[in-house]
Amino acid sequence: MIRSSRLLPGLLIAAAMVAAPLIAPPPALAADEASGDAIAEKYAALLERDYVYPETGKRYAAALRAGIKAGRYRTLSGEALGSAIDADVNAVAVDGHLRLRIPEGAVSAPAGPGSAAPAPRPVKPPVEQGGWIAPGIAFVRFNVFPNDAAVTAEAAKFMADHADAKAIIFDIRTHNGGGLEQMDVIFPWIFDKPTRLVTMATRASVDAEGGSPIDGIASMRMVKGDAGMVTREHWVTPNGDKRLKGAKIYVLTSGASASAAEHFALTMKSTGRGVLIGAPTAGANHFGRGEDIGGGYGAFIPVGRTYDPKTGKDWEGDGVQPDIAVAPADALVRALTELGVAPAEAKTLSDAYMPKWPMERRRPRAAKPSGG
């Protein structure tokens, strides 16, 4: 049986693992339900049924079923199974969100007798270092946009507390994805008129079954779109406070800025409301929902895409390109100097505000070096 749960639009699997780690297979689970072949078939069925591009979904499913027939997954589990399945899927078409999520127990098990289990992965806080970084300049780092009312309230409070800023720097260099809730309390402060931001199109069959992760969100407006898709536009309605409407906005980006972070970045770039500084983003465009496929395994199934309404182009594979290209580690220095901070002071501040988390694009599982 395939069990599903709605997740945030565009939630990157890495972020999902932080927010809701998987547990090992329950003892009562029949062995054949968690076998490599069973996991691959369930994954194939979901991709065939729901993937944003139906023909590609069929090709993914065919590749996985060919792997089952060839016996490639039969004796595999954990990381080995994930690597084999990911390799076969990526050989068809690379998608920045497709990655088999393996049971946490399979990751943390000791390598052998006498071996110590790896230390638990540190959990990134959703928001870091929000406040005044220099006179008149506010700074905040978002690591994820979660479905969490407390984080939404924190984002709203940051904007209200810094409504007199002459500039705001949003650091999304370590932002791995999420939803729209925090964006929808940030944008009304910085836009001076109702503005169409991006377009989001969901596979019609998924939407008809109530499976769209963006259905019912107040900032989304239904419009006519491509055949086979249900299309909505993301809009911002300004609030009544005009203090930040003319503030300068800078957005710091890296190859780790993924999914909902890229939605944020494209919004700033395509509307001209903000300046992107750093490196191209991760190139993980397709939004979707998480699926439990048994045995502690899970998958994120992309069911839609987000794109620039003016060009019709999305950022899958390519990322959102910065307006000012610099190494991610130097992005804050550049933003501060653009705002008139002396270079030496900007460097000191950048060192104090340097993220502790990776700022590089995630490598496919199959690309990991041996033993990595």
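Out of region 319-333, which residues are surrounded by fewer than 21 Cβ atoms within 10 Å (Cβ to Cβ) and either closer than 24 Å to Ala260 by Cβ or touching a strand residue (DSSP E or B) at 6+ places or on another chain (Cβ under 6 Å) (or both)?
Selection gives Gln321, Asp323, Ile324, Ala325, Val326, Ala327, Ala329.
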Check every one of the strands (runs of 3 or more DSSP E) wholly within region 268-351 and list those with 2 or more residues that are under 17 Å from Val251 (Cβ atoms). 275-278
Inside region 59-91, can you point out the residues that are of a type in the set (Val, Ile, Thr), in a helix (DSSP H, G or I) and within 18 Å of Arg101 (Cα to Cα)? Ile85, Val89
Check on Phe187, closer than 27 Å to Gly278 by Cα, among the hydrophobic types (A, V, I, L, M, F, W, C) and outside any strand (DSSP E or B): yes
Got a sec? Which of Thr174, Thr202 is among the β-branched types (Val, Ile, Thr), buried (at least 21 other Cβ atoms within 10 Å of the Cβ), part of a loop (DSSP other than H, G, I, E, B) and touching a Ser or Thr at 6+ places or on another chain (Cβ under 9 Å)? Thr174
Which count do you get for residues in region 249-265 that are crowded, with 24+ Cβ neighbours inside 10 Å and over 14 Å from Thr174 (Cα atoms)? 2
Among the residues that make up region 226-234, is at least one of them surrounded by fewer than 22 Cβ atoms within 10 Å (Cβ to Cβ), in the same structural domain as Asp323 (by TED's automatic domain parsing) and either of a type in the set (Ser, Thr, Tyr) or outside any helix (DSSP H, G or I) (or both)? no
Looking at Phe139 and the list (1) within 29 Å of Glu345 (Cα to Cα); (2) surrounded by fewer than 22 Cβ atoms within 10 Å (Cβ to Cβ), which single condition is not satisfied? (2)
Answer yes or no as to whether Glu262 is closer than 29 Å to Glu55 by Cβ, outside the structural domain of Ala160 (by TED's automatic domain parsing) and either in contact (Cβ under 8 Å) with a residue 24 or more places away in the chain or within 21 Å of the chain's Cα centre (by Cα) (or both). no
Under 15 Å from Asp95 (Cβ atoms), among the small types (Gly, Ala, Ser) and touching a Leu at 6+ places or on another chain (Cβ under 8 Å): does that describe Ala299? yes
Which residue is farthest from Thr56 (Cα to Cα), if the candidates are limited to region 274-298 and must be of a type in the set (A, V, I, L, M) and crowded, with 23+ Cβ neighbours inside 10 Å? Ile277
For region 137-171 the number of residues that are over 18 Å from Val251 (Cβ atoms) and assigned to a helix (DSSP H, G or I) is 10
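The values are calculated or read from the model by the stated rules, or taken from the named source; none is laboratory data. None of these values were measured; they are calculated from a predicted model. Note that we place each Cβ from the backbone using ideal geometry, even for glycine, and neighbour counts take in every protein chain shown.
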